[in-house]
Each structure stands twice: as structure tokens, then as C-alpha cells.
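Structure first, commentary second.
The values are calculated or read from the model by the stated rules, or taken from the named source; none is laboratory data. Predicted model, so just to flag it, every value in this text is computed and none were measured. Don't worry about glycine lacking a Cβ; one is built from the backbone with ideal geometry, like all the others, and counts go over all protein chains shown. We work out accessible area using only protein heavy atoms, side chains counted, and drop any ligands, DNA or RNA first. Shrake-Rupley method; radii C 1.70, N 1.55, O 1.52, S 1.80 Å.
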Amino acid sequence: MSELKFPLKEGLRDPADEAAVSRMWQAIDARFPQRRSRRSLSLIFAPLVAAAAGVAVVAFLHHDSGPLRMADGTAIASVDAPPAGTRVVLSDGSSIQLGPDARLDPVESSASSFIAVLEHGDASFDVIPGGPRRWQIECGLATVEVVGTRFSCARGPHGLRVSVERGVVLVRGERVVNHVRRLTAGESMEILDESAGPAAGKPAAGEGAAAPAPAVAEAPAPAENAAVPRAAGPTWRELARSGHHREAFATLGTQGIRREVKRLGIADLFALADVARLSGHPAEAVAPLQRIVDGFSADRQAPLAAFALGRLQLDDLNQPRAAAASFSRALELGAPQSLRDAVRTRLTEAQARIRSDER
């Protein structure tokens, strides 16, 4: 057996030197210029794309963080539906379909809640699921609380009917069994107002037929050449109903608002306050709301007016003492259970502002 004539490591050495290896890799790398370019671009742009996606997500999550508004960006005001009804589209994509002659009064609109009063008539609410706000619809006999659903409320002189088409709602009220009931899709409930009189067109027990209406004398026909009076312009109510609050205020003026306050009912007083507030005259909105609180304190809407008055005094007029008194009055008048947390929160805020001003 012959003896090895060279060391083992000499036999295992790679015949290609370092310079040759370098030339080999350069040749291989030169065959794939596009792959190297793509890799470099991906390393550069991937973090940018991820950052842009993060910004988009944050923007999406926070794009609707302010108060709920109309779809065109204007503030939500009281809506009086015409005989044909009307549809209200809001900034978060939700919508409200009001039936003929229905009336909806907004009370609170913030980043976390939307509270409104269905004063009378029928309304269907289509609330976008997963939104940041909790909706509360005050319907007199009960309060409907939702986050995302489609439901309808029919409020008449003798009762309330709540129906759910999609999602879940909570119905709260003194006349609700156990004061709260949960309704899911396809369910509905009726709440009767036992204090209301007999239904229209149906005489009460023991009563006979209604007496015939007295005859009304016909007005004499105008003379052939008599002057025809010119048609008057739209009233402040018509202007307010169509969203022209500045024009409605111009029609009334400050003296007109003070004059109307003395003779109007609750619905028109809320509308009058909206005209003043949304036309840029918040101080003139105080009198209509104060009139509801003082003159209609037994009405279910009096605490809502006191709450709206407190918000106006705190947010627009910088009057924390007056606001605290109004929020306290809302609680004294029996604010609905669903509204009391919001009232107490604003009362605490007003009291903190008072202490800060005293320092």
C-alpha cells in the first residue's frame, strides 16, 4: 500500500481561489437584475405602504368622532315632515324616514350619543351597525335605545308601537313590564296610554252620537272688480321646516321671537329655539326653551327642554352657573332614566367650570 505524498488538507482545498469565486457570484447576480431591483424597491416601499395603511385605518376609525350631523354637514335641527313624509340622511350614513306630518326634535348629538324626541307620528330609523354612538329615541311612553339596527316607532294619541326589522333594541318606560324589554328582529310591542281619552271617531261608553256641527254661513262672493290680495311669503315655520333658519330668523327678528314665545305651544317653541340657535343667535334660543320649562313643567318634554337649555348655556353662551341650574332642573322634572347619565355628566362639567372660574 503506497504512502500518501501530500497532506490531507492539500487534497481537500477548493481549486477555485477567492477571486474566482467573486467573479462567479458577480456573473450569477448579473443574470437577475430585475429580481434584485424588485427586492430593493420592496424593501423601500413596504414600510411606506404599511404606514399609509395604518394612517388610513386610523382615519377610518376617527372620521366620525364629532357630533352627528346632516349628510351635507349642517347641524341637525327639528324636522316637521310634510304630508308626503320625508327622509333625513345623516353624516354617518344612518337615515330616518319620517311619516306624514311626523315631528322629530334632536336633543343631544355628540361623539358618543344621539338623543332625539319623536313628538308625534311614525318614523323608521336605519342606524349603521358598529357606529360610535348610542341612539336614544324618546317616544313619550317609552325610550328606545340602540347601537346599530333598523326599527320603527309609531306614536299616536293613544299609544306607541315599536317594531324591529334588524338588530336589537331596548325599550324602557314606566308602562313597560319590569320597566325594560329587549326586542330582536321581527318582534314588536305596543304600549297604550291609559290616561288618553277614547279614540277619535269612537264615542265613550254611555255617550250618544256627536251633535251635528253648526251651520257655517258662506262668505259673500267678492265683487267682480275687487282687488285680489297678493300671496304672502313663506312663514317662519315653513322656512324652518325646509332648513332655512337664517331666513326664518330674518322673518321674525328678535322682537318677533319674543312675541311668539308668549303664545306658542311646545312643538313650536322647540322649533323657535332651533331657528335662533341655528341662525347664529344662541342667546335668543333661551326664551323659548325657558318657556317650556316654566310654562309646561308637567309635560314629558319639559326635562328635555331643560337639558337642551343647559347645553346651550354651557356650550354656546359660556354660562356655567345657569347651565348647572338647568341641568339640575332637568333632573327635578323627571328626566327619562336613559337620559339621566348624560344630564349628570353635563352637570358635573358645569360645576367644574364654576370652580375653575372662581380660582
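Filter region 313-327 down to the residues that are assigned to a helix (DSSP H, G or I) and either out of contact with any Gly (no Cβ under 6 Å at 6 or more places or on another chain) or basic (Lys, Arg) (or both) and list them by number. Outline the logic, then answer.
Taking region 313-327 and keeping what is assigned to a helix (DSSP H, G or I), we get 313-316, 320-327.
Those that are assigned to a helix (DSSP H, G or I) and either out of contact with any Gly (no Cβ under 6 Å at 6 or more places or on another chain) or basic (Lys, Arg) (or both): Gln313, Leu314, Asp315, Asp316, Pro320, Arg321, Ala322, Ala324, Ala325.
Would you be able to tell me the number of residues in region 143-157 that are farther than 26 Å from Gly93 by Cβ and either open to solvent by 60 Å² or more (accessible area, probe 1.4 Å) or among the aliphatic types (A, V, I, L, M) (or both)? First the steps, then the outcome.
Of region 143-157, the ones farther than 26 Å from Gly93 by Cβ are 156-157.
Then drop every residue that is not either open to solvent by 60 Å² or more (accessible area, probe 1.4 Å) or among the aliphatic types (A, V, I, L, M) (or both), which leaves 157.
Counting residues in region 143-157 that are farther than 26 Å from Gly93 by Cβ and either open to solvent by 60 Å² or more (accessible area, probe 1.4 Å) or among the aliphatic types (A, V, I, L, M) (or both) gives 1.
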- Message: Residue pairs, Cβ under 8 Å, 6 or more apart or interchain, first in region 321-349 and over 18 Å from Phe296 (Cβ atoms) and without any contact (Cβ under 8 Å) to a residue 60 or more places away in the chain, second open to solvent by less than 40 Å² (accessible area, probe 1.4 Å) and of a type in the set (Asp, Glu). List them.
- Response: none
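Of the residues Ser65, Ser37, only one is at pLDDT below 85, part of a helix (DSSP H, G or I), small (Gly, Ala, Ser) and farther than 30 Å from Thr235 by Cα; which? Spell out the reasoning first.
On the way: Ser65 fails: part of a helix (DSSP H, G or I).
From the options Ser65, Ser37, the qualifying one is Ser37.
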- Query: Which of the residues belonging to region 287-311 are hydrophobic (A, V, I, L, M, F, W, C), in contact (Cβ under 8 Å) with a residue 24 or more places away in the chain and part of a loop (DSSP other than H, G, I, E, B)?
  - Reply: Phe296
- Pairs, first at pLDDT 90 or above in region 93-116, second in a loop (DSSP other than H, G, I, E, B) and of a type in the set (Val, Ile, Thr), C-beta under 6 Å, six or more apart: Gly93/Ile128; Ser94/Val127; Ser94/Ile128
- Note on the structure: Here the residues within region 83-98 that are touching a Ser or Thr at 6+ places or on another chain (Cβ under 8 Å) and open to solvent by 10 Å² or more (accessible area, probe 1.4 Å) are Arg87, Val88, Val89, Gln97
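Those residues that are assigned to a helix (DSSP H, G or I) and surrounded by fewer than 17 Cβ atoms within 10 Å (Cβ to Cβ), I need them from region 268-286; list them, please.
Our first condition is that a residue be assigned to a helix (DSSP H, G or I); within region 268-286, this holds for 268-278, 282-286.
Those that are assigned to a helix (DSSP H, G or I) and surrounded by fewer than 17 Cβ atoms within 10 Å (Cβ to Cβ): Pro282, Ala283.
One line per residue, one yes/no per condition, for (1) open to solvent by 10 Å² or more (accessible area, probe 1.4 Å); (2) touching a Cys at 6+ places or on another chain (Cβ under 8 Å); (3) at pLDDT below 90:
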position: Lys262; (1), (2), (3): yes, no, yes
position: Asp299; (1), (2), (3): yes, no, yes
position: Leu312; (1), (2), (3): no, no, no
position: Asn318; (1), (2), (3): yes, no, no
position: Leu331; (1), (2), (3): yes, no, no
position: Gln337; (1), (2), (3): yes, no, yes
- When region 120-140 is checked residue by residue, the ones that are in contact with an Asp or Glu (Cβ under 6 Å, 6 or more places away or on another chain) and crowded, with 21+ Cβ neighbours inside 10 Å are Gln136
- Checked region 166-181 for anything in contact with a Leu (Cβ under 6 Å, 6 or more places away or on another chain) and either among the charged types (D, E, K, R) or farther than 20 Å from Arg134 by Cα (or both); matches are Arg175
